[in-house]
Every structure is written in C-alpha cells, then in structure tokens.
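One structure is given here, and the rest of the page talks about it.
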Amino acid sequence: MTKETDIEEADPIIAKLKKTGCLEKHYAVLECWDKHKDWRKCQGEVHDFRNCVTIYDKTKSASESK
C-alpha cells in the first residue's frame, strides 16, 4: 500500500476529489488560504475549483442520462 492510498482510505473526501479530477484545484485553494488567510485573495483559485467540479457534475449527469 502506498502513502497516497493510505491517505485516500483515511479521507474519503480526498478520494472523491481525486475521482472528479479536481484534487489539484482543491489543493490550490488550500495553499492560497494558507498563504493569505483571506478568501477574498483566493477568488481565482475558488473559481477554478468550482468550475472543475461543475464540469465534472455536468459530464457525470450527461453520461448517466444516456
């Protein structure tokens, strides 16, 4: 078992974000928050993450409706 697998098993949210393909965008939001401690300065990262999740949701919905 790898360290990455251990983390995924310990944190189902990380596993779900990885499945969406948005994990790196999530990390970018966290890094921005850690650096600035102000969400207003992280709007670009939040926007990118939100768009990634929205695209995943639309793609998933489209494939489920077929």
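The values are calculated or read from the model by the stated rules, or taken from the named source; none is laboratory data. Predicted model only: the values in this text are computed from it and were never measured. Heads up, the Cβs are rebuilt from the backbone with ideal geometry, glycines too, and the neighbour counts pull from every protein chain shown.
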List every residue pair whose Cβ atoms sit under 8 Å apart, with the two residues 6 or more apart in sequence or on different chains, where the first one lies in segment 3-17 and is more than 13 Å from VAL53 (Cα to Cα) and the second, anywhere, is assigned to a helix (DSSP H, G or I) and at pLDDT below 60. ILE14/ILE7; ILE14/GLU8; ALA15/GLU8
Among the numbered criteria (1) modelled with pLDDT under 95; (2) within 13 Å of the chain's Cα centre (by Cα), which one does SER63 miss? (2)
Of the residues in segment 31-45, how many are on the phi < 0 side of the Ramachandran plot and either under 10 Å from the mean Cα position of the chain (by Cα) or of a type in the set (Lys, Arg) (or both)? 3
